[in-house]
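> This structure is in structure tokens; I'll ask about it shortly.
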């Protein structure tokens, strides 16, 4: 009696390391997608804070003084692994740097959720 092959969804093979990682750790795993997006957000905020502070020509200590906090708080906010960004602190920093906070909600797509 002949054996039947299992019907499987075929995908195009890839050697793209990011695609391989996405397929292995994220694809089809909503919790992993959520964690990845949260880490991306934290990293984005940290990079933006650091970039705008440096563009203003300020050290962490100088910015902290303008904001009314300590340099260690600014250092922590600029750490990509920090998860406690508060909107009120971001507003205080923005005001000290003559900027404003803008929040956008962007539809999630596979492109945005890739590793």
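> Per the helix-only calculation at 222 nm, which mean residue ellipticity applies to the chain, given -39500 (n - 2.57) for every DSSP H run of n ≥ 4 and division by its residues, nearest 500 deg cm²/dmol?
-15500 deg cm²/dmol
> A further question on this structure: Is the shape of the stretch 39-87 best called rounded, prolate or oblate, per the rule: a/c under 1.5 gives rounded, else a/b larger than b/c gives prolate, else oblate, with a ≥ b ≥ c the square roots of the Cα gyration tensor eigenvalues?
It is oblate, given that a/c is not under 1.5 and a/b is not larger than b/c.
> At 0.36 nm per residue, minus the direct Cα-Cα distance, what do residue 59 and residue 71 gain on full extension? Give it in nm, one decimal, please.
Answer, rounded to one decimal: 3.5 nm.
> Okay, next question. For residue 87 and residue 32, compute 0.36 nm times the residue count separating them, minus their Cα-Cα distance, and round to one decimal in nm.
Gain in length upon complete extension: 17.3 nm.
> Which angle from 0 to 90°, rounded to the nearest 10, does the C-alpha axis of helix 87-96 make with the longest principal axis of the chain?
Rounded to the nearest ten degrees, it is 50.
> Taking R0 as 30 Å, what FRET efficiency do you get between residue 15 and residue 102 from their Cβ-Cβ distance, rounded to the nearest 0.05? Please report the intermediate quantities before stating the final value.
Working: r = 38 Å, r/R0 = 1.28.
According to the calculation, E is roughly 0.20.
> Moving on to the next point. Under 13 Å from a point 7 Å along the Cα-to-Cβ line of residue 39: which residues of the stretch 60-97 have their amide N that close?
Counting only backbone N, you get 80-82.
Rule-based calculations on the coordinates, nothing more; no lab input. Because the structure is predicted, anything quoted here is derived from the model rather than measured. Cβ atoms come from the backbone with ideal geometry, glycine included; neighbour counts cover every protein chain shown.
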